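Asker: One structure coming up, written as structure tokens, with questions to follow.
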Amino acid sequence: MKILNDAINHFGKKKQIAKVREELLELALAITRYESDCSIENGYEVCDECADVEIMIAQLRMMTDPKLINDRKKFKLNRLSERIAKESK
Ligand SMILES: [Mg+2]
């Protein structure tokens, strides 16, 4: 997506990597609040921070190794599938 590439070029990799960490922390905090109070407002915050994290993860993929991420994701999803199959017996 062009806007993600524009963001990396405009702000620089170092700043965008720090931004990934910042957004992950904001999502973690929103989830913590939601765990103790499932209010509409706290649910909205989780969704809002999720959107931020998805935008930053998409940039992180572009700045690192998308093929390796895809390979590791495939491996982990297969492992999860096997675990569920095993525990469902
Ligand atoms: Mg945020």
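Asker: Does any residue in region 57-81 that is of a type in the set (Val, Ile, Thr) come within less than 6 Å, Cβ to Cβ, of a residue that is at pLDDT 95 or above six or more places away or on a different chain, and which pairs are these?
Answerer: Pairs found: ILE69/ARG61.
Yes or no, residue by residue, for (1) under 12 Å from the mean Cα position of the chain (by Cα); (2) within 16 Å of the ligand (Cβ to nearest atom):
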site	(1), (2)
GLU22	yes, yes
SER36	no, no
ASN42	no, yes
ALA51	yes, yes
MET56	yes, yes
LEU60	yes, yes
ILE69	no, no
GLU87	no, no
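Asker: Only residues that are more than 13 Å from ILE57 (Cβ to Cβ) and either among the aromatic types (Phe, Trp, Tyr) or modelled with pLDDT under 95 (or both): list them for region 1-29, please.
Answerer: PHE11
The values are calculated or read from the model by the stated rules, or taken from the named source; none is laboratory data. Everything numeric in this text was worked out from a predicted model, so none of it was measured. Note that we place each Cβ from the backbone using ideal geometry, even for glycine, and neighbour counts take in every protein chain shown.
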